Amino acid sequence: MFGKGDYVYHASGGVCRVEDLQYAPLAGMPTDRLYYVLRSLHDPNGVIYLPTDCTAVFLRPLLSREEANELVSEVPALSSLQAGDAKALRAAYIEAMKTHDPHEWVRVIKTVYERANSLSKVSRTQRLSETERSYGEEAKRNLFTELSLVLNIPNDKVENYVFGSLAEAE
């Protein structure tokens, strides 16, 4: 069980702070169930009420500092997603994002980055689809917010911290 002030990852809210634990925080909610009151860091105006005993919605603790540092060290070895065509690649993005696993977010980010570079070398007019871009942005938002909190790095510096060594290797 998470406590007030903890940070968690919520399937639809992304990285959230546990603002409170309350019984029936809103009128009409069962008074015998304890709820997490979550505030998403991606949407500070949005509040999520989640029963503490709910297993239908994905909720996990953030990575530990050690796990985050291990993930960063593994980034160069993590492969991008492989798919035969655009439809299969979209399915791979969906599956990777549904895992809510930071390792898979890295793979999505690397795939989008590689595809954008590849397309720009082939054609000046061919670009990533909006859907593909949005998967990359969602993966970045989730990964960078989590690592920023866990590693105590400003959010705008996380991308370079995680992927800087890859850009230098190219």
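The values are calculated or read from the model by the stated rules, or taken from the named source; none is laboratory data. Just so we're clear, the structure is a prediction, and the values are computed from it rather than from any experiment. In this analysis, Cβ positions are derived from the backbone assuming ideal geometry, glycine residues included, and neighbour counts consider all displayed protein chains.
Against the test of being in contact with a strand residue (DSSP E or B) (Cβ under 8 Å, 6 or more places away or on another chain) and loosely packed, with under 13 Cβ neighbours inside 10 Å, the options 3, 13 yield a single qualifying residue, 3. A single member of 114, 95 is over 13 Å from residue 80 (Cα atoms) and either among the polar types (S, T, N, Q) or part of a helix (DSSP H, G or I) (or both), and it is 95. Against the test of being in a helix (DSSP H, G or I), at pLDDT 95 or above and out of contact with any strand residue (DSSP E or B) (no Cβ under 9 Å at 6 or more places or on another chain), the options 133, 107 yield a single qualifying residue, 107. Just to be sure, is residue 132 closer than 22 Å to residue 11 by Cα, in contact (Cβ under 8 Å) with a residue 40 or more places away in the chain, among the charged types (D, E, K, R) and surrounded by 12 or more Cβ atoms within 10 Å (Cβ to Cβ)? Against the criterion (closer than 22 Å to residue 11 by Cα, in contact (Cβ under 8 Å) with a residue 40 or more places away in the chain, among the charged types (D, E, K, R) and surrounded by 12 or more Cβ atoms within 10 Å (Cβ to Cβ)), residue 132 qualifies.
In the range 18-40, which residue that is without any contact (Cβ under 8 Å) to a residue 12 or more places away in the chain and touching a strand residue (DSSP E or B) at 6+ places or on another chain (Cβ under 9 Å) is surrounded by the most Cβ atoms within 10 Å (Cβ to Cβ)? So, considering only residues that are without any contact (Cβ under 8 Å) to a residue 12 or more places away in the chain and touching a strand residue (DSSP E or B) at 6+ places or on another chain (Cβ under 9 Å), the one surrounded by the most Cβ atoms within 10 Å (Cβ to Cβ) is 24.
Do we find a residue being touching a Ser or Thr at 6+ places or on another chain (Cβ under 6 Å), in a helix (DSSP H, G or I) and of a type in the set (A, V, I, L, M) anywhere in the range 141-151? Checked against the condition, which is being touching a Ser or Thr at 6+ places or on another chain (Cβ under 6 Å), in a helix (DSSP H, G or I) and of a type in the set (A, V, I, L, M), the range 141-151 yields no hits at all. Picking from residues in the range 49-74 that are in contact with a His (Cβ under 9 Å, 6 or more places away or on another chain) and hydrophobic (A, V, I, L, M, F, W, C), the one that is farthest from residue 3 (Cα to Cα) is 71.
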